[in-house]
Amino acid sequence: MIEMQDVWKNYPDGTPALRGINVKIDKNEFVYIVGPSGAGKSTFMKLIYREEKPTKGQISVNGFNLGKLKQRKIPYIRRNIGVIFQDFRLLPKLTVYENIAFAMEVIEAPKRLIRKRTFEVLELVNLKNKAGNLPAQLSGGEQQRVSIARAIVNNPSVIVADEPTGNLDPETSWGIMRLLEEINFRGTTILMATHNKEIVNTMRKRVIAIESGTIARDEIRGEYGYED
Ligand SMILES: Nc1ncnc2c1ncn2[C@@H]1O[C@H](COP(=O)(O)OP(=O)(O)OP(=O)(O)O)[C@@H](O)[C@H]1O
């Protein structure tokens, strides 16, 4: 469960990005974060995976207060939250297999488990046959599937996806959405920031709209609501 109480974020240069966010997201929800460019969506996500800290207010993930988190507990939170980006962010010199396994190596998982689990997620994203390829040898959709495999390999309870279909054509985007739906169905909470009107309006999930750093809308089976 994710909870924010009166969360504010000003960047060091003074830019106000979030202004008094209150929200609760339950285990197993699928939530779209929408809103105009610059509204604060990425900042909202970054606070959750602790890339940024709030200027004011409280954030908790699975009962852990992120503000009071001891340094040694940070790996636990990071492992519990998988992150997916628009530009994939795979390590270019590592193979598909190695990119995924690396996420388990950094948390010092046992070798045998790494091998077993990496093949398991490669199977789930249907890329077993590309295990030995480098990212540059894959299509955009395939690269995004590798990044999804990497995000879920440590069995996180939450996936944060910041415009995961932003660089993909419509058909490939739908493939990614089916995969995220499957992962959600298996019990992972998913937060996805997107500008994709068609996806939001077709899937009809919870929609949180952020405008000028505040929550302008929060609907259970919401719509995209903008024209871009
Ligand atoms: N590191 C930073 N330093 C200063 N200002 C920042 C920083 N990151 C974001 N901002 C500013 O904070 C505000 C919110 O940005 P954010 O990236 O969260 O918006 P967004 O809704 O994700 O936008 P987009 O849809 O274009 O990705 C914007 O005014 C932006 O310029």
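Structural remarks
- Residues in region 155-175 reached by a label modelled at Val23 [backbone nitrogen below 15 Å; 7 Å Cα→Cβ]: 158-164
- Estimated from helices alone, the mean residue ellipticity of the chain at 222 nm is -10000 deg cm²/dmol (sum of -39500 (n - 2.57) over DSSP H runs with n ≥ 4, per residue).
- Here the contact order of the chain, divided by its residue count and restricted to Cα pairs under 8 Å and six or more residues apart, works out to 28 percent.
- Prolate/oblate/rounded label for the chain (Cα gyration tensor, a/c 1.5): oblate
- Sorted on the mean count of surrounding Cβ atoms within 10 Å across their residues, most packed first, peptides 9-16, 83-90, 215-222 read 83-90, 215-222, 9-16.
- In terms of its C-alpha gyration tensor, region 127-204 has an oblate overall shape, because the principal axis ratio a/c (a ≥ b ≥ c, square roots of the eigenvalues) is not below 1.5 and a/b does not outweigh b/c.
- Paramagnetic label zone (point 7 Å from Cα along Cα-to-C-beta, Ala131; backbone N under 19 Å) in region 99-123: 99-106, 109-123
- Förster radius 45 Å - calculated FRET efficiency between Val106 and Lys56 (Cβ-Cβ, nearest 0.05): 0.90
- For Gln58, neighbours were defined as the other residues whose beta-carbon sits under 10 Å from its Cβ, and their charges (Lys and Arg +1, Asp and Glu -1) total 0.
- Tilt relative to the chain, helix 170-185 - C-alpha long axis, 0 to 90 degrees, to 10: 90
- Over 20 Å (Cα to Cα) - which of Lys27/Lys111; Lys41/Lys68; Lys46/Lys70; Lys27/Lys116 fall in this group: Lys27/Lys111; Lys41/Lys68; Lys27/Lys116
- The simple spin-label model puts a point 7 Å past each Cα toward its Cβ; for Thr202 and Asn80 those points are separated by 3.4 nm.
- When the Cα positions of Val121, Gln144, Ile84 are compared along the charge dipole of region 80-161, Val121 comes out farthest toward the positive end, with charges on each C-beta of Lys, Arg, Asp and Glu.
- About its Cα centre, region 60-204 has a charge dipole of approximately 840 debye under the convention of +1 per Lys or Arg Cβ and -1 per Asp or Glu Cβ, with nothing else charged.
- Gap separating the Cα centres of region 179-215 and region 1-35, nearest whole Å: 14
- Between 0 and 90°, nearest 10: helix 96-105 axis offset from the chain longest Cα axis: 70
- For Asp6, neighbours were defined as the other residues whose beta-carbon sits under 15 Å from its Cβ, and their charges (Lys and Arg +1, Asp and Glu -1) total +4.
- Rounded, prolate or oblate (a/c below 1.5 giving rounded, otherwise prolate when a/b exceeds b/c) for region 1-79 by Cα gyration tensor: oblate
- Neighbours of Pro156 by Cβ distance under 10 Å: Lys/Arg scored +1, Asp/Glu scored -1, total +2.
Every number here is computed from the coordinates shown, using simple stated rules; none is lab data. The structure displayed is predicted, hence computed values, not measured ones. Glycine gets a Cβ as well: all are built from the backbone with ideal geometry, and neighbour counts include every protein chain shown.
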